[in-house]
Structure formats: C-alpha cells, structure tokens
1. Separation of region 94-112 and region 113-132 by C-alpha centroid, Å?
2. Based on DSSP H runs of at least 4 residues, each adding -39500 (n - 2.57), what is the mean residue ellipticity at 222 nm of the chain after dividing by all its residues, to the nearest 500 deg cm²/dmol?
3. Using 0.36 nm times the number of residues separating ALA133 and ARG72, minus their current alpha carbon distance, what extension gain do you get?
4. Using a simple spin-label model with points 7 Å from Cα along the Cα→Cβ vector, what separation in nm is obtained for LEU122 and TRP144?
5. Build a GNM of the chain with springs between Cα atoms under 10 Å: which of THR70, THR18, THR26 gets the top mean-square fluctuation?
6. Pull out the extension gain between LEU27 and ARG86, defined as 0.36 nm times the separation in residues minus the alpha carbon to alpha carbon distance; nm, one decimal.
7. Name the most mobile residue of VAL106, VAL52, VAL136, meaning the one with the largest mean-square fluctuation, in a Gaussian network model of the chain with Cα contacts below 10 Å.
8. Quick one, could you list the DSSP H helices from the chain stretching 27 Å or more along their long axis (Cα atoms) with average Kyte-Doolittle hydropathy of -0.5 or above?
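No value in this document is a laboratory result; all are computed from the given coordinates. All values reported here derive from a predicted model rather than from experimental measurement. Because the Cβ atoms are built from the backbone with ideal geometry, glycine has one as well, and the counts that use them run over all protein chains shown.
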Amino acid sequence: MEHEAQAAHAHQHAAGATWSTAVRATLHCLTGCAIGEVLGMVIGTALGWGNVPTLVLAIVLAFFFGYALTLRGVLVAGVDLKAAIRVALAADTLSIAVMELIDNGVIALWPGAMDAGLDDALFWWVLALALAAAFVITTPVNKWMIGRGKGHAVVHQYHH
C-alpha cells in the first residue's frame, strides 16, 4: 500500500513537470532575480563601485527579491513565517543560483560590459542578454526539479 502511494506521488510530480510549468516557475524566478540584478548593477555602477562589489550586491539583491516574491505568495496562503521561509529556500535556491551564475557569468565575460556606464547601451543590452540566457538555461533545471517534487513544486500546494 505504501509503495503504491509513493508511486502515485512520484507520478504526480512527473506529470507536473511540463515545459509550461517549468517556464512559469522560471519566469517567477527571473522576475525576482531581474529586480535584484538590475537594482544591484544600477546602484553599484551609479556609485562607481568596482566589478566585484557591484556583482556581489547584484547577487545578494537577486536572492533577496527572488525569495521575497515566493515568501509573499506563501504568506498570503496563510503559512507562518518560519515555514514560509523554509518553503522559499527549498523552492528557489537552486533556480536562483543557476540563474545568477549564468547571468553574472555573461556580464563578467562580455568584453566591456562591466565597465559600461548606465548611459551606455552596452550596459543595458548585455544585461538583457544575460537575463535571457539565464532564463533559457534555468528552465530545464526547473523542469528537472519539479519532476522530482523539488524546487518550485514545493510552492504549488500554496497556489490558489
């Protein structure tokens, strides 16, 4: 009986691992990451910070806003703060980490991107390209995690 329940649970996760579900999960993650990433890059660039402090600020803010968006939705569903934090960490950590690795990797490796100012089109084009690349690469990661009942699948029970 227990084996049948586990098999049904596994099938339910695999059925929920559609590309459409993965795209929605990744867009959710991208929203928080993009808010933090853009804000961090703008603040660091505007203040004339070096590359490393600017990237660190962008990454910290991306994680903050990524988690905050998930926390908001879970808290609205009536979950207490401690449990909501656990859900947000479980749902978003790998997705945000992959997104930030790709996003910041593109920015750091693109010639001149880290030295471009806010008034330079290169700054904005590379940032947009980096976020798009992060989305494309993170979507299969989210599909894989959702199919195993991990990542954004943890949040689905709180969606109405």
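1. Cα centres, region 94-112 to region 113-132: 13 Å.
2. Result for the chain: -28000 deg cm²/dmol, rounded to the nearest 500.
3. My answer for the length gained is 19.3 nm.
4. Using points 7 Å along Cα→Cβ, the separation is 3.4 nm.
5. THR18
6. 19.2 nm
7. For the chain, modelled as a Gaussian network with Cα springs under 10 Å, the answer is VAL52.
8. Membrane-span-like by this rule: 19-46, 51-76, 81-109, 121-147.
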